[in-house]
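For reference, the structure is listed below as structure tokens.
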Amino acid sequence: MAETLAVGGVRGAAGARIEGSGPWGILWHRIAGAAFYAITCGTAWLDLPGHPPRQLMPGDVVLLPNGPEHTLRSAPDAPILPQLCTAAERARKCGGVLRLGTGEVQTHVLGASYDYDPAVSIQVLATLPDVVHIRANRGGDGLDDTVRLLSRELASPQIATDFVLNRLVDILLVQLLRVWRTEKPAEARGTWLGVLGDPLVSVALAKIHEDPAKPWTTDLLAAELATSRSTLTRRFRETTGRTPGDYLTQWRMDLAAVRLRDTDETVDSIAHSVGYTSVFAFSRAFRRARRQAPGQYRTSAREGIRTAE
């Protein structure tokens with residue numbers, strides 16, 4: 001999972017620190033990445049289209065992998081405060097405090113967001129369900145410990161609190177995914193995390209990730225795993241939805257796309273680094289996957305970055 005998160009460019013950042021008192025409600029618009037909330041004190045209600053309202057209790061964490069439009073409220077029928085939308089968006093982007101309602105603060109929520117690299121097609125978060133909700137008090141695991149640390153940091157901000165919060169947000173994501181996979185194996189099946197439940201496929205992926213330039217074939221991969229080609233192909237397809245060869249090609253194209261955009265390496269060098277001895281063969285595979293030649297992709301990807309800036 002670590003390699004996929006790293007290559008996928010998954011980066012977390014602490015967002016709005018919500019302080020709620022009395023009746024309150026806020027609408028969050030869709031974002032490009034994933035949204036995350038940790039309830040460190042009090043309760044809140046989460047509502048998003050197509051799902052019933054969901055109560056969030058102290059210590060709960062929730063991930064919305066596709067960043068949909070949603071609301072947070074003190075109660076299912078609490079009014080939305082449209083006049084705070086601008087302040088809410090600013091707080092989400094800069095990590096500021098968002099005070100909702102009046103009177104003594106009863107609820108503390110840390111919001112966060114996770115961006116991932118649009119150049120990379122194999123993404124852990126993109127395959128998850130609309131809502132990943134982990135309840136508190138699971139027996140003192142690492143996620144509980146980190147939420148408690150987060151609560152203390154929010155209750156008593158000190159030097160470099162923003163730095164600490166951003167690091168905790170990254171740790172929370174990994175811990176949330178670990179717990180969710182363990183607690184909800186049926187839901188995890190069919191997502192990228194589902195492959196971790198099959199030791200054969202998990203080792204096969206590790207070998208591909210560790211050495212993508214190796215001249216892998218399904219027969220060679222099966223031999224290294226001491227299994228048959230048919231068994232590896234069947235189990236690989238059941239867990240990833242792809243054959244080993246298809247996954248290998250997709251992984252190589254993801255690696256190449258990132259290098260084309262972010263480095264000045266030659267196309268020849270990148271081709272060899274991802275397992276192609278022929279630039280022609282690499283260019284043909286890349287064009288098939290990305291609908292652009294490598295050089296064209298490099299130019300358009302960099303222009304896209306400059307436009308965004």
For residue 113, state whether it is in contact with a helix residue (DSSP H, G or I) (Cβ under 9 Å, 6 or more places away or on another chain), of a type in the set (Gly, Ala, Ser) and assigned to a loop (DSSP other than H, G, I, E, B). no
Among what's in segment 106-156 and is open to solvent by less than 50 Å² (accessible area, probe 1.4 Å) and polar (S, T, N, Q), pick the residue that is nearest to residue 262 (Cα to Cα). 123
Determine which member of the set 278, 202 is under 28 Å from the mean Cα position of the chain (by Cα) and surrounded by fewer than 15 Cβ atoms within 10 Å (Cβ to Cβ). 202
Does residue 52 satisfy being closer than 21 Å to residue 180 by Cβ, open to solvent by 60 Å² or more (accessible area, probe 1.4 Å) and either at pLDDT 90 or above or part of a loop (DSSP other than H, G, I, E, B) (or both)? yes
Identify the single condition in (1) in a strand (DSSP E or B); (2) modelled with pLDDT of 90 or more; (3) buried (at least 19 other Cβ atoms within 10 Å of the Cβ) that residue 78 does not satisfy, given that it satisfies every other one. (1)
Scan segment 288-309 and report the pairs whose first residue is closer than 16 Å to residue 254 by Cα and open to solvent by 60 Å² or more (accessible area, probe 1.4 Å) and whose second residue is in a helix (DSSP H, G or I) and at pLDDT below 85, with Cβ atoms within less than 9 Å and a gap of 6+ or a chain change. none
Quickly run through segment 205-232 and pick out the residues that are within 23 Å of the chain's Cα centre (by Cα), within 11 Å of residue 248 (Cα to Cα) and of a type outside the set (A, V, I, L, M, F, W, C). 207, 209, 212
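This table checks each residue for (1) charged (D, E, K, R); (2) assigned to a helix (DSSP H, G or I); (3) within 28 Å of residue 134 (Cβ to Cβ); (4) modelled with pLDDT of 95 or more.
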position	(1), (2), (3), (4)
187	yes, yes, yes, no
190	no, no, yes, no
204	no, yes, no, no
209	no, yes, yes, no
212	no, no, no, no
237	yes, yes, no, no
251	no, yes, no, no
Residue 137 vs. criteria under 13 Å from residue 60 (Cα atoms) and in contact (Cβ under 8 Å) with a residue 40 or more places away in the chain: yes
Provide a single number: the residues in segment 22-38 that are farther than 30 Å from residue 5 by Cβ, outside any strand (DSSP E or B) and either open to solvent by less than 40 Å² (accessible area, probe 1.4 Å) or among the acidic types (Asp, Glu) (or both). 2
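Please work out which residue is most open to solvent (accessible area, probe 1.4 Å), limiting yourself to segment 8-21 and to residues that are assigned to a strand (DSSP E or B) and out of contact with any helix residue (DSSP H, G or I) (no Cβ under 6 Å at 6 or more places or on another chain).
Per the stated criteria, the residue is 11.
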Please go through (1) within 21 Å of residue 235 (Cβ to Cβ); (2) aliphatic (A, V, I, L, M); (3) loosely packed, with under 15 Cβ neighbours inside 10 Å for residue 195 and return the number of the only condition it doesn't satisfy. (3)
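The values are calculated or read from the model by the stated rules, or taken from the named source; none is laboratory data. Note that the structure is a prediction, hence the values are computed from the model and not measured. We place every Cβ from the backbone using ideal geometry, glycine too, and count neighbours over all the protein chains shown. The accessibility values were calculated without ligands, DNA or RNA, using every heavy atom of the protein model including side chains. Shrake-Rupley method; radii C 1.70, N 1.55, O 1.52, S 1.80 Å.
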